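Working notes, structure below.
What follows draws every value from the coordinates through simple rules; no lab data is involved. This is a predicted model, so every value here is computed, not measured. Here the Cβ is made from the backbone with ideal geometry for all residues, glycine too, and neighbour counts use every protein chain on show.
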Amino acid sequence: FDNAPELYDDEGPGYTSENRNWTSVSVTQEPMRYIEYVVRNNLPFSDVVAGNYVVANPFTAKLYGLPHGAALSAETFLDWKRIDYAPVQNYVQEGAQKTVGVPVAGVLTTPAFLNRWETTRTNKGRKRARIVLKNFLATDIFKFAQRPVDSTALTSVQNPTRNSPMCTVCHSVIDPIAGGFRGFNDNNLLRFDADDKWHDDMLPPGFNGTEMPPQSYGNALMWLGAQIPSDPRFGISV
């Protein structure tokens, strides 16, 4: 909202309901437009999860605080192009204006993906990790173990997701991937802050047994996205 009030604030200068509608449609279509751009330009398909650029039309570019060049109009809706800048979020924290750069990892960091596959303070990114496994690694985590789990067998185990074999059979795979979404707020879904701490009761962020280096914590999803295409399951999934 703070990047482009003219697209959402009906009291803002330049606001029109038509522009608001085009913006909403643009945000919704962004992941598929990203894939379309990759295919049409014969780029490595790994860019779908690892691309360190944004594919935007004038509406999403304005929303993300990025340069595009075309005017906001229905005629330019289909003008999707690559922009090699990171989007930014502007918000007020403790009375001070704060501008934060958002990591970019193909479709994984698009608002449409993050909003559709939401998370909570108890889910801790695991739902998003399940979708990453399903959509990009041809893996259904729900088939790893019998469900539902017998909760009476876990009552004497401290932190069962890390210490009970009934839980770790799934959580040893899904929790490190969930850590790739660190920095994205559990409640606000899209709000990003690199300084947000991850959950100490979970396995450290990582992928396929490799822990994420601490220097990548500030852009964890970019690190995760770069690992996914190296797994043979990515090709199977595609």
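I need the peptides 79-85, 7-13 ranked by packing, meaning the mean over residues of other C-beta atoms within 10 angstrom, with the highest value on top.
Averaged packing, sorted descending, gives the order 79-85, 7-13.
Let me check I have the definition right: for the range 1-120, take the eigenvalues of the Cα gyration tensor, multiply each by 5, take square roots. What are those semi-axes in whole Å, largest first?
23, 19, 13
I'd like the Kirkwood hydrodynamic radius of the range 47-100, using the inverse of the mean 1/r over distinct C-alpha pairs, in Å.
That comes to 12.4 Å for the range 47-100.
If you bin every alpha carbon distance in the range 9-66 into 5 Å steps from zero, what whole percent lands in each bin?
Result, from short to long distances: 4, 17, 24, 21, 14, 8, 6, 4, 1 percent.
What does the charge count near V39 come to, summing +1 for each Lys or Arg and -1 for each Asp or Glu among other residues with Cβ under 12 Å from its Cβ?
Here the count lands on 0.
Could you name the aspartates and glutamates whose alpha carbon sits less than 18 Å from that of K134, not counting residues in the same chain fewer than 8 places away?
D47, E118, D175, D231
Can you tell me the 0 to 90 degree angle between the C-alpha axis of helix 126-136 and the longest principal axis of the chain, rounded to 10?
80
Apply the a/c threshold of 1.5 to the C-alpha gyration tensor of the range 74-140 and tell me whether it is rounded, prolate or oblate.
oblate
Multiply the residue gap between R191 and N115 by 0.36 nm, knock off their C-alpha separation, and tell me the result in nm, one decimal place.
26.3 nm
What per residue convex hull volume, in Å³, do the alpha-carbon atoms of the range 148-238 yield?
137
What are the extents of the Cα atoms of the chain along their three principal axes, listed from largest to smallest and rounded to whole Å?
Cα spread of the chain along its principal axes, largest to smallest: 61, 46, 33 Å.
Where is the GNM fluctuation largest for the chain (alpha-carbon springs, 10 angstrom cutoff): A96, A112, A86?
Looking only at A96, A112, A86, the biggest GNM fluctuation is shown by A96.
Hey, got the dipole for the chain? About the Cα centre, +1 on K and R Cβ, -1 on D and E Cβ, debye to the nearest 20?
The calculated dipole for the chain is roughly 840 debye.
If r is the Cβ-Cβ distance from Q93 to S17 and R0 is 35 Å, what FRET efficiency results, to the nearest 0.05?
With R0 = 35 Å, the Cβ-Cβ based efficiency is 0.70.
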